[in-house]
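Asker: Can you read through this structure? Questions will come right after.
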Amino acid sequence: MAGTGKFVVGGNWKCNGNTASITQLVKDLNKGEIDADVDVIVAPPMLYLPKVQSPIDRQFKLSAQNCWVSEGGAFTGEVSAEMLADANVPWVILGHSERRALCGESDEFVGKKVAYAIKNGLSVMACIGETLQERESGATQDVCRRQLQAIVNELSAGDWEKVVIAYEPVWAIGTGKVATPEQAQETHAGIRAFMASAVSQDVASKVRIQYGGSVNAGNCEELAKQEDIDGFLVGGASLIGDAFITICNSAKYNTY
Ligand code: PGA
């Protein structure tokens, strides 16, 4: 079963940049020509969201890289989903492996965050993916299913319209070691099959599944051709304007 949703590319700038480099990146993105049918989202560091919001071309939607699990209040250092909605930031990345590993976010916590963000009108790129050790021990599908089940537990079937699943094998993130198109396709197909059994056939065919992990201007075409790859979540290469535009335009190689 192939995914039927529109191709969607996210740029995760992580904790990179400063006023000068971000101003330049926005200029470079605005100059780029997107000539494919694709949704494009960029996720600058929280502090720079308002700086990017006004100059960036409207074809780029904005995303935060995180938000709090519930209503705001005495949560030092956090930003709530309500605040993002209030600031007209329509998307948020949740459950990134860096937050799972470095900030101790559990599957259940991520599930609750996704539900709360959706309740407040945000759309979510929800990240899942296995470590190298888990892949080598044959646990890839089990890990993805476990992480997804925790999200499934918190959402209604209708909520899935607001979710893009980002499959990002941890061993491929920032390492230059990209999953082969076959590896990515196999895992994406497994994720879609899981969604069919855990939610519904309809949600499984419509939900968009991004691949993330060392995607660049050179490898995006082969990955985009895979039937269950419906987009990318890009880290390092999203900081280079023309590379990111090339990745967005690889949507044209996805014929599903
Ligand atoms: P990378 O990061 O493209 O630098 O591997 C991807 C991500 O973490 O979203």
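Asker: Name, by its number, the condition in (1) assigned to a helix (DSSP H, G or I); (2) surrounded by fewer than 17 Cβ atoms within 10 Å (Cβ to Cβ); (3) of a type outside the set (F, W, Y) that does not hold for M195.
Answerer: (2)
Asker: Could you check the stretch 14-39 and list, in sequence order, the residues that are under 22 Å from V92 (Cα atoms) and in contact with a Gly (Cβ under 8 Å, 6 or more places away or on another chain)?
Answerer: K14, L25, L29, V38, D39 - these are the residues of the stretch 14-39 that are under 22 Å from V92 (Cα atoms) and in contact with a Gly (Cβ under 8 Å, 6 or more places away or on another chain).
Asker: Those residues that are out of contact with any Phe, Trp or Tyr (no Cβ under 8 Å at 6 or more places or on another chain) and open to solvent by 30 Å² or more (accessible area, probe 1.4 Å), I need them from the stretch 161-180; list them, please.
Answerer: Once the filter is applied, which keeps residues that are out of contact with any Phe, Trp or Tyr (no Cβ under 8 Å at 6 or more places or on another chain) and open to solvent by 30 Å² or more (accessible area, probe 1.4 Å), the stretch 161-180 yields E161, K162, V170, G174, T175, G176, V178, T180.
Asker: Let me ask you something else. Of the residues Y211, Y253, which single one is of a type in the set (F, W, Y) and within 15 Å of the ligand (Cβ to nearest atom)? Steps first, answer last, please.
Answerer: On the way: Y253 fails: within 15 Å of the ligand (Cβ to nearest atom).
Being of a type in the set (F, W, Y) and within 15 Å of the ligand (Cβ to nearest atom) holds for just one of Y211, Y253, which is Y211.
Asker: Can you name every residue in the stretch 124-154 that is surrounded by fewer than 19 Cβ atoms within 10 Å (Cβ to Cβ) and not in a helix (DSSP H, G or I)?
Answerer: Residues satisfying the conditions are T131, S137, G138, A139, N153, E154.
Every residue, every condition in (1) touching a residue at least 60 places away in the same chain (Cβ under 8 Å); (2) within 20 Å of L239 (Cα to Cα); (3) crowded, with 20+ Cβ neighbours inside 10 Å, yes or no:
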{"position": "K6", "(1), (2), (3)": "yes, no, no"}
{"position": "G11", "(1), (2), (3)": "yes, yes, yes"}
{"position": "I22", "(1), (2), (3)": "no, yes, yes"}
{"position": "D39", "(1), (2), (3)": "yes, yes, yes"}
{"position": "R58", "(1), (2), (3)": "no, yes, no"}
{"position": "G73", "(1), (2), (3)": "no, no, no"}
{"position": "D86", "(1), (2), (3)": "no, no, no"}
{"position": "A101", "(1), (2), (3)": "yes, no, no"}
{"position": "F109", "(1), (2), (3)": "no, no, no"}
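Asker: Okay, moving on. Just one of A85, A36, A101, A74 is outside any strand (DSSP E or B), among the small types (G, A, S) and within 24 Å of N254 (Cα to Cα); which is it? Before you say what the answer is, go through the steps one by one.
Answerer: Values: A85 fails: within 24 Å of N254 (Cα to Cα); A101 fails: within 24 Å of N254 (Cα to Cα); A74 fails: within 24 Å of N254 (Cα to Cα).
Result of the check over A85, A36, A101, A74: A36.
Asker: Do we have any residue at all in the stretch 25-41 that's modelled with pLDDT of 95 or more and farther than 29 Å from L223 by Cα?
Answerer: No, because not a single residue in the stretch 25-41 is modelled with pLDDT of 95 or more and farther than 29 Å from L223 by Cα.
Asker: Please find, among D228, D242, the residue that is surrounded by 20 or more Cβ atoms within 10 Å (Cβ to Cβ) and in contact (Cβ under 8 Å) with a residue 40 or more places away in the chain. Write out each step before concluding.
Answerer: Numbers: D242 fails: surrounded by 20 or more Cβ atoms within 10 Å (Cβ to Cβ).
On inspection, the qualifying residue turns out to be D228.
The values are calculated or read from the model by the stated rules, or taken from the named source; none is laboratory data. Here the structure is a predicted model, which is why all the values come from computation and not from measurement. Neighbour counts are summed over all protein chains in view; Cβ atoms, including those assigned to glycine, are modelled from backbone coordinates with ideal geometry. Accessible surface is based on the protein model in full, side chains and every heavy atom, while ligands, DNA and RNA are left aside. Shrake-Rupley method; radii C 1.70, N 1.55, O 1.52, S 1.80 Å.
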